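Reading through the structure tokens given below for one structure.
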Amino acid sequence: MNIAVIGASGSMGSEIARQIVSTRLLENNERLQLVGRTEGTSSKALYGLSTDIQDAYAEICPIIEVILNKEDISGDLIIVAAGTTAPVNLSSQNISRDTLAKQNIPIFEDYASALARHGQGSEIVICVSNPNELAVEIFARHLDRKRVVGIGAYLDSLRFRKEIAKDIGVRRQKVHGFMIGEHGSNMIPLWSHVHVYGFKEDVLYDILNKIRRGYSTINFPEDITQARSDIDKLIFEGKIDEAFKSADRYPPDIRVVLKSNITHFSGSKTVTGTVNATLELIKTITLGHDAFISGQIKLEGEFYGIYGTIGVPFVVGNLGVEKVLEIPLEREEKQLLIQNARNVNQKIAEWLS
């Protein structure tokens with residue numbers, strides 16, 4: 001399998017490329033394309049990145065190509081990590097989500113249309129770039145929608161499981177749980193589908209009620225808004241350690257939003273977690289395994305009648321999205337998701353207009 005990383009000169013794209021090689025996802029005779037643009041730093045940085053990777057992993061290195069012409073992109077798996085990212089300094093933040101979206105639209109459109117014209121027709125696209133729903137929507141408009149997946153809800157779900165595992169005192173791999181909806185502050189926790197290996201249902205029910213600390217799903221958006229107001233004050237003052245300690249007072253689902261936000265504005269960004277989630281998804285696809293995950297996909301009514309791009313559970317394999325599974329949701333979860341999908345559709349319509 002050949003892999004192309006669009007935006008390979010950025011912090012996220014370059015780390016994904018390094019990890020693809022270091023974890024031996026590709027054989028020596030397979031290709032890794034580092035994709036950038038002739039303008040900007042890509043035309044220089046990608047040649048350096050290529051040499052650096054080969055210096056480090058010559059014994060296991062696949063064939064590495066630097067691609068500066070979008071028509072030359074040729075991969076079975078395309079990783080989209082290109083575009084503007086949110087600033088890491090909260091005190092001088094001047095890029096709104098709307099501005100971020102509008103800056104990235106031409107980049108997404110450019111690469112998506114090029115793949116539609118010159119691609120092999122069977123490639124799977126994994127969108128890492130943000131806004132994640134926007135990236136998936138644009139690529140899905142140009143390509144087969146079932147071959148376009150966004151990493152957002154997959155990453156959010158990993159974080160959700162980690163925070164639950166922390167409170168219960170087990171390792172993350174023992175916890176099953178999904179986040180759905182819009183990636184970021186508007187995600188939706190599916191507490192109704194949390195189960196933990198080794199815990200009987202009645203015992204787990206009591207434990208989950210305890211760690212949720214009296215918070216309810218239906219009030220999740222308002223609780224996030226209030227919690228972020230308090231946390232943002234600490235971030236603005238540079239009190240990152242206090243911000244993390246303050247976040248720990250909240251239940252696992254709210255902590256997922258707060259901690260990713262604090263991490264980003266700490267200056268560290270969220271590169272490692274995002275890259276690891278991306279690599280896990282790449283492994284699933286490249287090894288030919290099927291996995292039941294949550295992620296951003298373009299729906300046409302398969303999940304509670306929703307049309308548009310949003311994070312939901314589905315089965316993914318080496319053909320892309322193989323089946324959307326309409327798992328039972330509690331009334332509050334369903335209510336939030338449907339409203340969430342409407343909001344995302346409205347935002348995407350405004351951005352693309």
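The values are calculated or read from the model by the stated rules, or taken from the named source; none is laboratory data. Just so you know, these numbers come straight off a predicted model, no measurement behind them. Here the Cβ is made from the backbone with ideal geometry for all residues, glycine too, and neighbour counts use every protein chain on show.
Highlighted here are the helices (runs of 4 or more DSSP H) found entirely within segment 95-204 that include at least 2 residues which are at pLDDT 95 or above, surrounded by fewer than 24 Cβ atoms within 10 Å (Cβ to Cβ) and assigned by TED's automatic domain parsing to the domain that holds LYS323: 152-168. Put simply, of GLU322, GLU302 the only residue that is in a loop (DSSP other than H, G, I, E, B), at pLDDT 95 or above and within 30 Å of MET1 (Cβ to Cβ) is GLU302. If you go through segment 252-289 and pick out every residue that is under 20 Å from VAL88 (Cβ atoms) and aliphatic (A, V, I, L, M), you end up with 7.
Give the residue that is modelled with the lowest pLDDT, with candidates limited to residues of segment 20-43 that are surrounded by 15 or more Cβ atoms within 10 Å (Cβ to Cβ) and farther than 14 Å from ILE64 by Cβ. Per the criteria, the residue is SER42. Checking LYS233, LYS210, LYS283 one by one, the residue that is outside any loop (DSSP other than H, G, I, E, B), within 30 Å of VAL316 (Cα to Cα) and of a type in the set (Lys, Arg) is LYS283 and no other.
This table checks each residue for (1) out of contact with any strand residue (DSSP E or B) (no Cβ under 8 Å at 6 or more places or on another chain); (2) surrounded by fewer than 16 Cβ atoms within 10 Å (Cβ to Cβ); (3) free of Cβ contacts under 8 Å to residues at least 40 places away in the same chain.
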site: SER229; (1), (2), (3): yes, yes, yes
site: LEU234; (1), (2), (3): yes, no, yes
site: ASP241; (1), (2), (3): yes, yes, yes
site: ALA247; (1), (2), (3): yes, no, yes
site: LYS259; (1), (2), (3): yes, no, no
site: VAL275; (1), (2), (3): yes, no, no
site: ILE282; (1), (2), (3): no, no, no
site: ILE285; (1), (2), (3): no, no, no
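Going residue by residue through segment 308-321, is there one that turns out to be without any contact (Cβ under 8 Å) to a residue 40 or more places away in the chain and in contact with a Leu (Cβ under 7 Å, 6 or more places away or on another chain)? Checking segment 308-321: at least one residue is without any contact (Cβ under 8 Å) to a residue 40 or more places away in the chain and in contact with a Leu (Cβ under 7 Å, 6 or more places away or on another chain).
The residues in segment 330-349 that are among the β-branched types (Val, Ile, Thr) and within 15 Å of ALA135 (Cα to Cα) can be counted, and the count is 2. Among the residues of segment 192-202, is any of a type in the set (Val, Ile, Thr), within 23 Å of PHE292 (Cα to Cα) and out of contact with any helix residue (DSSP H, G or I) (no Cβ under 7 Å at 6 or more places or on another chain)? No, segment 192-202 has no match at all. Can you find a residue in segment 222-232 that is more than 27 Å from SER129 (Cα to Cα) and modelled with pLDDT under 95? Yes; the residues of segment 222-232 include at least one that is more than 27 Å from SER129 (Cα to Cα) and modelled with pLDDT under 95.
Yes or no, residue by residue, for (1) among the aliphatic types (A, V, I, L, M); (2) in contact with a helix residue (DSSP H, G or I) (Cβ under 7 Å, 6 or more places away or on another chain); (3) closer than 22 Å to VAL80 by Cα:
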position	(1), (2), (3)
ILE262	yes, yes, no
GLN296	no, yes, yes
ARG331	no, no, no
GLN339	no, no, no
ARG342	no, no, no
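Within segment 205-227, track down each residue that is β-branched (Val, Ile, Thr), in contact with a Phe, Trp or Tyr (Cβ under 9 Å, 6 or more places away or on another chain) and surrounded by 19 or more Cβ atoms within 10 Å (Cβ to Cβ). Correct list: THR217 only.
Does ILE164 qualify as being touching a residue at least 60 places away in the same chain (Cβ under 8 Å), within 16 Å of VAL256 (Cβ to Cβ) and touching a Cys at 6+ places or on another chain (Cβ under 9 Å)? When the stated conditions are applied, ILE164 does not pass them.
Looking only at residues in segment 83-94 that are over 25 Å from GLU15 (Cα atoms) and part of a helix (DSSP H, G or I), which one is modelled with the lowest pLDDT? Result: SER92. Only one of the listed residues (ILE79, ILE60, ILE20, ILE53) is among the β-branched types (Val, Ile, Thr), outside any helix (DSSP H, G or I) and over 30 Å from ILE235 (Cβ atoms). That residue is ILE60.
Screening HIS142, HIS118 for residues that are under 26 Å from ARG37 (Cβ atoms) and touching a Leu at 6+ places or on another chain (Cβ under 9 Å) leaves exactly one candidate, HIS142.
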